[in-house]
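Before any comments, here is the structure.
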Amino acid sequence: MNKKNEPDPDEVALIEWCIEVEGFLVKAGATLREAQDYIEEHAEWFTDMFYEGLTPEEAAKEALN
């Protein structure tokens with residue numbers, strides 16, 4: 001795989017972080033689809049929280065407020 005085909009490490013980290021947030025939303029009672037849709041609909045907000053250094057659990061709590 002050449003460098004052009006390698007995923008951006010920041011993008012991979014963000015996706016993995018969102019998957020963890022998704023898990024906390026599901027634990028709080030959302031269905032997997034609801035959690036995924038919510039994260040997708042609010043992608044910019046979640047991206048900001050990721051770069052602000054919130055943990056996935058903190059981000060999920062923010063989303064639930």
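The values are calculated or read from the model by the stated rules, or taken from the named source; none is laboratory data. Here the structure is a predicted model, which means the values were calculated and not measured. Counting neighbours? That spans all protein chains shown, and the Cβs are built from the backbone with ideal geometry, glycine included. Heads up: the accessible areas ignore ligands, DNA and RNA and are worked out on the full protein's heavy atoms, side chains in. Shrake-Rupley method; radii C 1.70, N 1.55, O 1.52, S 1.80 Å.
Could you work out the helix-only [θ] at 222 nm for the chain, with each DSSP H run of four or more residues adding -39,500 (n - 2.57) and the total divided by the number of residues, to the nearest 500 deg cm²/dmol?
-22500 deg cm²/dmol
Ordering Val21, Val12 by accessible area with a probe of 1.4 Å, largest first, what comes out? Intermediate values should be presented prior to the final figure.
Numbers: Val21 0, Val12 55 Å².
Largest accessible area first, the residues go Val12, Val21.
Looking at the chain, which GluC sites (Glu not before Pro) are in a loop (DSSP not H, G, I, E or B) and have at most 16 other Cβ atoms within 10 Å? Before the final figure, lay out each step's value.
Working: sites: Glu11, Glu16, Glu20, Glu22, Glu34, Glu40, Glu41, Glu44, Glu52, Glu57, Glu58, Glu62; in loops: Glu52.
Passing both the DSSP loop test and the Cβ count: Glu52.
Which helices, taking whole DSSP H runs in the chain, have alpha carbons extending 24 angstrom or more along the helix axis plus mean Kyte-Doolittle at least -0.5? Let's see the in-between values first.
On the way: long enough: 9-27 (27 Å, 0.63).
Flagged H segments are 9-27.
Just going by the charge dipole of the chain, with Lys and Arg at +1 and Asp and Glu at -1 on Cβ, which of Tyr38, Asn65, Met49 is farthest out on the positive end?
The one lying farthest along the dipole's positive direction is Tyr38.
Assigning unit charges at the beta carbon (Lys, Arg +1; Asp, Glu -1) and nothing else, what dipole magnitude in debye, to the nearest 20, does the chain show about its Cα centre?
Working: 5 positive and 17 negative charges, 44 e Å.
The calculation lands at about 220 debye.
Here are several values of Cα Rg over 2.2 N^0.38 Å: (i) 1.19; (ii) 2.66; (iii) 1.52. Which one was derived from the coordinates shown?
Checking each listed value against the structure points to (i).
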